[in-house]
Amino acid sequence: MLTIVIPTFNERANIAELLRRIEAVVDVDVDDTEVLFVDDSTDDTEAVIHDLAFVMRLPIRVIHRALAINGLSGAVTLGLRASRGTWCIVMDGDLQHPPEMIPSLLATARSSAADVVVASRYRRGGSADGLNGFVRHASSSIATALTRSMFPRRLRDCSDPMTGFFLFRREAVDLDALKPRGFKILLEILARNRLTVVEESFSFGARTGGTSKASLHQGWQFLVQLAALRFGRLSRFATIGAVGAMANIGLMAAFIGGGMEYLQAASIAAILTILGNFALQEKLVFADLRAEGKSFRRRFAFSIGFNAAEAAARLPLLWLIVDLLHVPSLLAQGATLVLAFLARFVFHARVVYRPRREHKLSENREPSQLMGHGSTEPGMVTSTQVRPNRAS
Ligand code: GDD
Ligand code: MN
């Protein structure tokens, strides 16, 4: 069986033609095919789909989410979890992905041993002309090059990890391992699984009805996704620490340049850096755990408290190591800094952002959310529960 998962956000103008064209190429009697829309629309797209479902021969399902958690990727992940096919196709609902390719994607999958068949814009014969504007073109190409060099092995055979049009063997992908974010769900799938990939080129058509939801925010989400995939939490934490150290020195220099006395400059720079670090760490390192743990005020107090205690403890510790263990002072300083960094990370992950216990959280959750253990999806249809992803 084949499930075609189509995320939609205000696509009422495109659904009828999309379904007509799918039905024209899929042999409903021979190929066991279902279409599954995951709709976050604020217009009547869902009603349009319902009306069409009556007159089409294809089996059509629609999941409407009251809360568009994790946007496009969240919608696709939910659709994949709810899919029944051995094969899943993901495609856009705005006709920029030609449904006419469905049979050949499926045929390629069946004839090759591949887990994934990617419809690529960047393979010879393909084109990304449907991207409007130089900026979209350039950023797509740069992002693709960067991403491929960051995942040289897993993306070896994929020229277009950012495409939203692909087919895969459902059992080859661990859906629970995905951390949906932004627009780039294929990247998430390829980076977190070991899969064999083959490609087919295609021309990304121009959008006719409705408007694109791509935005600067999506670009930002993409960078965060890359960082999460490649580095994980510890490295994000380390990066912020390094940036903080440089900011500290920069600020101190600026204050001294402005005529301030150096001790005062150092203290003010330290305070500003600590506040800045805290803000970045909230946003970039532990964002997914914030909602489940302590209140903002308590997180702030614990975090700042730890920094103060750590600063105070470091000197006596240094003295201890140098004087009692006779370790050279610079080496000892290096060791205490590394130790302090690791302690800081562990303390933040285990104490400051520690999620509350699972059973307490579960009390006000819908039954469906309790079932799929390890699932990162909030309820299917009209759940009001907001529960961000739990990353490792
Ligand atoms: N359910 C849901 N929720 N669907 C969404 C959301 C959302 O928050 N945001 C967008 N969609 C749907 C749109 O309705 C459309 O069917 C599809 O996802 C793609 O959205 P577009 O807004 O048309 O994106 P695009 O054309 O700029 O981006 C496409 O090309 C990119 C490559 O440049 C997508 O295929 C991207 O995945 C792809 O990376
Ligand atoms: Mn589009």
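The values are calculated or read from the model by the stated rules, or taken from the named source; none is laboratory data. None of these values were measured; they are calculated from a predicted model. Virtual Cβ from ideal backbone geometry, glycine too; neighbours counted across all protein chains shown. Remember, those area values only see protein heavy atoms, side chains included, never the ligands or the DNA or RNA. Shrake-Rupley method; radii C 1.70, N 1.55, O 1.52, S 1.80 Å.
Key figures
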item	result
Subset of region 182-208 [open to solvent by 20 Å² or more (accessible area, probe 1.4 Å) and either within 16 Å of ligand 2 (Cβ to nearest atom) or part of a helix (DSSP H, G or I) (or both)]	F183, K184, R192, S203, F204, G205, A206, R207, T208
Residue selected from region 275-293 under the condition of a type outside the set (D, E) and at pLDDT below 90, by the criterion surrounded by the most Cβ atoms within 10 Å (Cβ to Cβ)	V285
Count of region 180-220 residues which are among the charged types (D, E, K, R), under 27 Å from R84 (Cα atoms) and within 16 Å of ligand 1 (Cβ to nearest atom)	5
Residues of region 114-134 that turn out to be more than 12 Å from ligand 1 (Cβ to nearest atom) and exposed (fewer than 14 other Cβ atoms within 10 Å of the Cβ), as a count	3
Any hit, region 168-178, residues being in contact with a helix residue (DSSP H, G or I) (Cβ under 7 Å, 6 or more places away or on another chain) and within 14 Å of ligand 1 (Cβ to nearest atom)	no
Scan of region 139-158 for residues that are outside any loop (DSSP other than H, G, I, E, B), open to solvent by 30 Å² or more (accessible area, probe 1.4 Å) and either charged (D, E, K, R) or out of contact with any Gly (no Cβ under 9 Å at 6 or more places or on another chain) (or both), ordered by number	S141, I142, A145, L146, R148, S149, M150
Pair list, Cβ < 7 Å and 6+ apart or interchain, from region 202-213 residues that are at pLDDT 90 or above to residues that are near ligand 2 (Cβ under 8 Å from one of its atoms)	F204/Q96; F204/G130
Number of positions in region 106-133 that are away from ligand 2 (no atom under 16 Å from the Cβ), of a type in the set (A, V, I, L, M, F, W, C) and not in a loop (DSSP other than H, G, I, E, B)	6
Residue in region 224-238 that is of a type outside the set (K, R), over 27 Å from I142 (Cα atoms) and in contact (Cβ under 8 Å) with a residue 24 or more places away in the chain present	no
